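Reviewing the structure listed below.
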Amino acid sequence: MPTLKIDGIEVTVEPGTTVLQACEIAGKEIPRFCYHERLSIAGNCRMCLVEQEKAPKPIASCAMPAADGMVIKTDTPLVKKAREGVMEFLLINHPLDCPICDQGGECDLQDQAMGYGRGGSRYQENKRAVTEKEMGPLVATSMTRCIHCTRCIRFVTEVAGVAELGATGRGEDMEVTTYLGAALSSEISANVIDLCPVGALTSKPYAFTARPWELRKAESVDVMDALGSNIRIDYRGREVMRVLPRLNEAVNEEWLSDKGRFSCDGLSKRRLDKPYVRKNGKLQAATWPEAFAAIAAKVQGLNGGEIAAIAGDLACAEGMTALKDLMSGLGSANIDCRQDGAKLPAGSRAGYVFNSGVAGIDQADAILLIGTDPRKEAPVLNARIRKRLLKGGLRIAAIGPKVDLTYPVEWLGNDATAVAGICNGAHAFAEVLKSAKNPMLILGQGALARLDGAAVYSAAKAIADNCGLVKDGWNGFNVLHTAAGRVAGLDLGLVPGQGGLDVAGIQSAAQSGQVKFVYLLQADELDTSKFGSAFVVYQGSHGDAGAHRADVILPAAAYTEKDATWVNTEGRVQLARRAVAPPGDAREDWSIIRALSEALGKKLPYDSLGQLRRRMLELAPHFAAVDRLTPAAWNVATAPGTIDGSWGFVYAVTDHYRTNPIARASGTMAECAEVARTGSVKAPEKMLVATNG
């Protein structure tokens, strides 16, 4: 391994390490604009210049491999002068419009100009002006500020896998633009905002709304999909201003989907802020006691078999625990958290989580996708699959409708019986899985939410057994969920008890009159017309499908408005912190159910969040292992069944931008959905004109 000396400090590094990385290991700060550890090396900005002994001129440390015997100096007068010169050149055409730039206060150019630049500029010529580019409803452009670091181009090409950004011209005439003026089509495109070091690319929905020093921050978890990306919620007063990604190498690295970032404007629209009771066929505002009294009057005299509950995709673990205990108190076994009808067994945890972990994708050498479109169901996870593929040594095959996943895939057709073919070893890809060191199967909800979903699941489990997906130190059987609350619901046992009904059974029984009372907890992604004449209570944050059908509406807090526990698709328990207060009379899910239980004469035995979480530990002890993966034993039992080959898989997510009530209430997501549907964007309307700074 090469050993080099940096400012008198001897450092030994791995082969292939750059001088810039070696300097960081030695504790030396090296300024940079174009270099990013997750992108390829470009060597554009030259801000990372350092002095190498015996070299005729300063070297770009980001592009120079560390070699044995190198002597590097980072703080000499030559280095200082070189960096000042580079900074002066970078600022030649920069408009110096910091007072009106949304990057102000969070700008790498500001920080590095202060730390490494000169006190003034010797440039007296006219500055250039660059026409604004239209990149869609999410990314605002001010390309006069662009310093041509090409981070955005490398991101969309390498990470997002959608080569839609490029550069035209050379030298002063170079411009970064989209090809043919099209909008960025990637589901993770807005990460270029975080990557841009100078404010050339900023957030269009957030433009001119707040400054970073005005905002307070809360750490939370993204609930727009089941990956559980770590996020930071920035808020002012009672309004969420923006959502940004937090670094978590094991889950989302430093990326965030566009829906997780920009759907936050839906938090303030179509909100339920007071209870409602249906009287004479119309919903009328009521007080909490009136709403509880209406529910109590309906429940009185009903036996457990006539009562049912469904937990939706955005239900947190605390709310589902309270709901389960309430249904138990009422003697009902009719409870289910699988509102899409997915045939997932709840008996063994290894049967419904992403066992290899999201980070395990980095070790996979063969992946089989069954009934899943990860690009729409979990865009950040899809980017991780692409990253692994680019390293080489990975084969990917898929069963399902052919779509663009941003990487090459061996499509095995959309015949559901192909799953059984691989299971029996009749398909060639079975040998690929058997010969792989770390084979992986990813089973999507599109394969499970079918009438024969149990048979498909059984065949997928047989593939894991027959092709060696489960071995010492490796479990490649993975279920990719689409609902943020699903894994926690299965962990806590929100599935039908002995003799109980699942979602389809509840709807059928409600239509026949057997079930007379249905409690919907954040459940909107189902056909509410199938509840017949049953009395429906809807508890949720938005006036969506569930609220329209409800006889009583109980307003609940959204995910940004409560301290909550979420379990992602890999079974990782994560805590979300409350950012803002819920509007009006809305309350946290568990506290509503706790208050209702008292009105029903079935008082739940906890009065605080701490007591409730102790109850959660009784139901699922692994909830104590926050932000850690808890391996599950491979003892999955399946029921035999026949796969219906007469129709293929249908992916669980078709409209990526409108999958839940918050996203459907978002104006930004509506724009994104329209651009995705039509592929067209508005033409740029103006040009930024820069003056001498």
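The values are calculated or read from the model by the stated rules, or taken from the named source; none is laboratory data. What you see is a predicted model, and the numbers here were worked out from it, not measured in a lab. Counting neighbours? That spans all protein chains shown, and the Cβs are built from the backbone with ideal geometry, glycine included. The accessibility values were calculated without ligands, DNA or RNA, using every heavy atom of the protein model including side chains. Shrake-Rupley method; radii C 1.70, N 1.55, O 1.52, S 1.80 Å.
Using a Förster radius of 51 Å, what is the FRET efficiency between A210 and A293 based on their Cβ-Cβ separation? Nearest 0.05, please. Could you put the intermediate results ahead of the total?
On the way: r = 43 Å, r/R0 = 0.84.
It comes to 0.75.
Go through region 424-441 residue by residue and turn each phi into a ³J(HN,Hα) via Karplus (6.51, -1.76, 1.60, θ = phi - 60°); whole Hz please, and just put x for glycine and proline.
With coefficients 6.51, -1.76 and 1.60, one gets 8, x, 7, 9, 4, 5, 4, 5, 4, 5, 5, 8, 6, 6, 10, x, 9, 10 Hz.
Taking a quarter of the surface of the convex hull around the Cα atoms of the chain, what do you get in nm²?
33.0 nm²
What FRET efficiency do you get for R614 and R122 if R0 is 60 Å and r is their Cβ-Cβ distance, rounded to the nearest 0.05?
Plugging the Cβ-Cβ distance into 1/(1 + (r/R0)^6) gives 0.35.
Longer than 26 Å from Cα to Cα, which of K80/K204; K5/K57; K562/K602 are they? Say none if no pair is. List each step's numbers first, then the result.
On the way: K80/K204 37 Å; K5/K57 18 Å; K562/K602 24 Å.
From K80/K204; K5/K57; K562/K602, over 26 Å: K80/K204.
Quick one: go through region 354-368 and flag any residue whose amide nitrogen is under 19 Å from the point 7 Å out along the Cα-to-Cβ line of D465.
Of the residues in region 354-368, 355 have backbone N under 19 Å from the label point off D465.
Using a 1.4 angstrom probe, figure out how much accessible area region 306-426 has per residue, in square angstrom, rounded to the nearest whole. Could you put the intermediate results ahead of the total?
Details: 3130 Å² over 121 residues.
Ligands and nucleic acids excluded, the figure is 26 Å² per residue.
Provide the packing ranking of 279-285, 605-611, 186-192, i.e. peptides ordered by the mean count of other C-beta atoms within 10 Å per residue, highest first. Mind dumping the intermediate values first?
Numbers: 279-285: 10.0, 605-611: 12.4, 186-192: 26.3.
Order by mean packing, descending: 186-192, 605-611, 279-285.
Place a +1 charge on the Cβ of each Lys and Arg in the chain and a -1 charge on the Cβ of each Asp and Glu, then give the dipole magnitude about the Cα centre in debye, rounded to the nearest 20. Mind showing how you got there, number by number?
Working: 78 positive and 79 negative charges, 133 e Å.
In debye, rounded to 20, the chain gives about 640.
With a sphere of radius 14 Å drawn around the Cβ of G27, what net charge do the other residues whose Cβ falls strictly inside it have (Lys, Arg +1; Asp, Glu -1)?
On the way: positive: K5, K28; negative: D7, E10, E24, E29, D75.
Net charge around G27: -3.
Report in % the part of the accessible area of region 390-434 that belongs to carbon and sulfur, leaving out ligands and nucleic acids; probe 1.4 Å. Write out the running numbers ahead of the final one.
Numbers: 1100 of 2070 Å².
Carbon with sulfur: 53 percent of the solvent-accessible area.
Could you state the number of Å between the C-alpha centres of region 663-680 and region 414-455?
Measuring centre to centre over Cα atoms gives 34 Å.
Under a point spin-label approximation (7 Å from Cα along Cα-to-Cβ), what is the Q511-A676 distance to one decimal in nm?
3.0 nm
For region 57-127 and region 141-182, what is the separation of their Cα centres, given in Å?
21 Å
What's the FRET efficiency of W411 with E249 using the Cβ-Cβ distance as r and R₀ = 30 Å, to the nearest 0.05?
Numbers: r = 31 Å, r/R0 = 1.05.
The value I calculate is 0.45.
Could you give the length gained on full extension between I41 and D607, defined as 0.36 nm per residue of separation minus the Cα-Cα distance, in nm? Write down the numbers at each step before the final one.
Working: separation 566, 0.36 × 566 = 203.76 nm, distance 5.54 nm.
Once the chain is fully extended between I41 and D607, it gains 198.2 nm.
What residues from region 244-273 fall in the zone where the backbone N is under 14 Å from a label point 7 Å along the Cα-to-C-beta line of L390?
254-255
From the phi angles alone, apply the Karplus equation (6.51, -1.76, 1.60; θ = phi - 60°) to region 667-678 and give each ³J(HN,Hα) in whole Hz, x where the residue is Gly or Pro.
x, 5, 5, 5, 5, 4, 5, 5, 5, 5, 6, 9
Starting from the amide H of I335, placed 1.01 Å from N in the peptide plane, find each other amide H under 5 Å away whose residue is 5 or more places distant or on another chain.
Result for I335 returns A309, G497, L501.
Just from its helices, what would the mean residue ellipticity at 222 nm be for the chain, if runs of 4 or more DSSP H residues each count -39500 (n - 2.57) and the sum is divided by every residue, rounded to the nearest 500 deg cm²/dmol? Intermediate values should be presented prior to the final figure.
Values: 21 runs with 177 residues, N = 693.
One gets -7000 deg cm²/dmol as the mean residue ellipticity at 222 nm.
Assuming a ≥ b ≥ c are the square roots of the Cα gyration tensor eigenvalues, decide whether region 522-656 counts as rounded (a/c under 1.5), prolate (otherwise, with a/b larger than b/c) or oblate.
Details: a/c = 1.70, a/b = 1.14, b/c = 1.50.
Judged from the Cα gyration tensor, region 522-656 comes out oblate (a/c at least 1.5, b/c at or above a/b).
Label-point separation (nm) for Y179 and A426, each offset 7 Å from Cα along Cα-to-Cβ?
4.1 nm
Alpha carbon centre of region 342-358 versus region 575-601: separation in Å?
The distance from the Cα centre of region 342-358 to that of region 575-601 comes to 29 Å.
Pop out the carbon and sulfur fraction of the accessible area of region 1-117 as a percent, whole number, probe 1.4 Å. Please list the in-between numbers first.
On the way: 3120 of 5750 Å².
Using a 1.4 Å probe with all protein chains present, region 1-117 comes out at 54 percent carbon and sulfur.
For Q498 and D273, calculate 0.36 nm times their separation in residues minus their Cα-Cα distance, and state this gained length in nm to one decimal.
Details: separation 225, 0.36 × 225 = 81.00 nm, distance 3.69 nm.
Here the answer is 77.3 nm.
Measure up K376/K434; K324/K516; K28/K81 against 20 Å on the Cα-Cα distance and list the ones that go over. Numbers along the way, then the final one.
On the way: K376/K434 29 Å; K324/K516 18 Å; K28/K81 18 Å.
Checking Cα-Cα distances, K376/K434 exceed 20 Å.
Quick one: if you stick a label point 7 Å off each Cα along the C-beta vector at K5 and D644, how many nm between them?
Placing both labels 7 Å beyond Cα along the Cβ direction yields 7.6 nm.
At 0.36 nm per residue, and after removing the present C-alpha to C-alpha distance, how many nm does the segment from E132 to Q284 gain when stretched out fully?
On the way: separation 152, 0.36 × 152 = 54.72 nm, distance 4.93 nm.
Stretched fully, the E132-Q284 segment lengthens by 49.8 nm.
Within the accessible area of region 472-622, what % is carbon and sulfur when the probe is 1.4 Å and the other protein chains stay in place? Numbers along the way, then the final one.
On the way: 2180 of 4830 Å².
It is 45 percent, rounded to a whole number.
Go through region 459-472 residue by residue and turn each phi into a ³J(HN,Hα) via Karplus (6.51, -1.76, 1.60, θ = phi - 60°); whole Hz please, and just put x for glycine and proline.
5, 5, 5, 5, 4, 4, 6, 7, 9, x, 6, 10, 8, 4
What are the lysines whose alpha-carbon lies under 16 Å from the alpha-carbon of K279, with same-chain residues fewer than 8 places away excluded?
Straight-distance partners of K279: K298.
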